[in-house]
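Taking it in order: structure first as structure tokens, then the write-up.
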Amino acid sequence: MLNIGTQTHPLPHQDALYILLHRNQVLVEAEDQFLIPFTHFQPNAKMNAVYCGEWQTQEDEIKDIFVCRFESVPKGFTETSLRELLFEQDQAHYLLLSRAHQLSTWDRDHQFCGRCGTAMPEKHPKEHAKICPSCQLRHYPRISPCIIVSIRKDNQILLARGINAPKGKFSNIAGFVEAGETLEQAVAREIREEVGLEVSNIRYVDSQPWSFPHQLMVGFFADYDSGEITPAPGEIDEADWYPIDDLPHTPNLATISGQLIHRHVEHMKTNDV
Ligand SMILES: [Zn+2]
């Protein structure tokens, strides 16, 4: 597990483990190993290491973790898609890799103050923050909350296919939370906008960081209340009610979308909703 902690952030050192990125790909060694010892690569001044926290290894050692970006792929490494690598991981490694990618992306994309334009080369020594040396504005890593919801009607759940999803691949309704909105309001609004339905009994189930690039997916169940399914043009290609014993292709169980569907179906089978 990763201990994010409140200790002073160390500088990169030889006993730490490193996560190496190239653009939005992860650099791995054999067998998709992405936690890289210092001696396995050539550190350079441009790699811009960002501290992620303390990691407890399987051998019960405590290791500092840093994430770095490379401008080219170093010898001995291959590039792997973040998405593919993430969904092969257990929960602890998933969260570690998500955090590393989000922190590095934030660091790369916040080189200048958004208020006054001054360069911000320094990171705060204890927090993941940058403070503008000119106007003192504090900048934290961006996290964008998104809701995702599985909707029940009797013994069926609603599944939809977005315009960018391949034919035959269905999922839940999801969308970004708007400024000034509660999570529950976002759930009701997204369902209304995307499929034209009203729901009740909106309840929280689970959450998952989603580093593409910085969402936090917040998962809910809801019950159908009223309305006819009306897919939003330009957003949803098809949507329908599916009996829980005859579902189409749904997302991988490593994703919160797949988990929500699985858990909703299990609850409905045991009437434990
Ligand atoms: Zn500023």
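The values are calculated or read from the model by the stated rules, or taken from the named source; none is laboratory data. These numbers were taken from a predicted model, which means no experiment stands behind them. Every residue, glycine among them, receives a Cβ derived from its backbone with ideal geometry; neighbour counts consider all protein chains shown. These accessible areas exclude ligands, DNA and RNA; they are computed on the full protein's heavy atoms, side chains included. Shrake-Rupley method; radii C 1.70, N 1.55, O 1.52, S 1.80 Å.
Within the range 217-260, the residues that satisfy the criterion of being assigned to a loop (DSSP other than H, G, I, E, B), under 17 Å from Asn164 (Cβ atoms) and among the β-branched types (Val, Ile, Thr) are Thr250, Thr255.
Picking from Asp60, Asp64, which residue would you name as being touching a Phe, Trp or Tyr at 6+ places or on another chain (Cβ under 8 Å), in the same structural domain as Gln7 (by TED's automatic domain parsing) and not in a helix (DSSP H, G or I)?
From the options Asp60, Asp64, the qualifying one is Asp64.
Tell me which residues, restricted to the range 86-109, are away from the ligand (no atom under 16 Å from the Cβ), part of a helix (DSSP H, G or I) and open to solvent by 40 Å² or more (accessible area, probe 1.4 Å). Answer for the range 86-109, where residues must be away from the ligand (no atom under 16 Å from the Cβ), part of a helix (DSSP H, G or I) and open to solvent by 40 Å² or more (accessible area, probe 1.4 Å): Gln91, Leu95, Arg99, Arg108. One residue stands out among those in the range 110-126 that are more than 10 Å from the ligand (Cβ to nearest atom), among the charged types (D, E, K, R) and touching a residue at least 12 places away in the same chain (Cβ under 8 Å): the one that is least open to solvent (accessible area, probe 1.4 Å), which is Lys123.
In the range 32-59, which residue that is of a type in the set (Asp, Glu) and either modelled with pLDDT of 90 or more or under 23 Å from the mean Cα position of the chain (by Cα) (or both) is farthest from Leu82 (Cα to Cα)? Don't jump to the end; show me each part of the working.
To start, the set of residues in the range 32-59 that are of a type in the set (Asp, Glu) comprises 32, 54, 59.
Remaining after also requiring either modelled with pLDDT of 90 or more or under 23 Å from the mean Cα position of the chain (by Cα) (or both): 32, 54.
Details: Asp32: 11, Glu54: 21 Å.
Selected residue: Glu54.
Residue count for the range 148-162 satisfying the condition of being assigned to a strand (DSSP E or B) and open to solvent by 30 Å² or more (accessible area, probe 1.4 Å): 3. The set of residues in the range 131-147 that are surrounded by 14 or more Cβ atoms within 10 Å (Cβ to Cβ), over 20 Å from the mean Cα position of the chain (by Cα) and either more than 10 Å from the ligand (Cβ to nearest atom) or assigned to a loop (DSSP other than H, G, I, E, B) (or both) comprises Cys132, Leu137. In the set Ala179, Ala165, only one residue is hydrophobic (A, V, I, L, M, F, W, C) and open to solvent by 50 Å² or more (accessible area, probe 1.4 Å); that residue is Ala179.
Against the conditions (1) touching a residue at least 40 places away in the same chain (Cβ under 8 Å); (2) touching a helix residue (DSSP H, G or I) at 6+ places or on another chain (Cβ under 8 Å); (3) outside any strand (DSSP E or B), Ile191 satisfies every one except (2).
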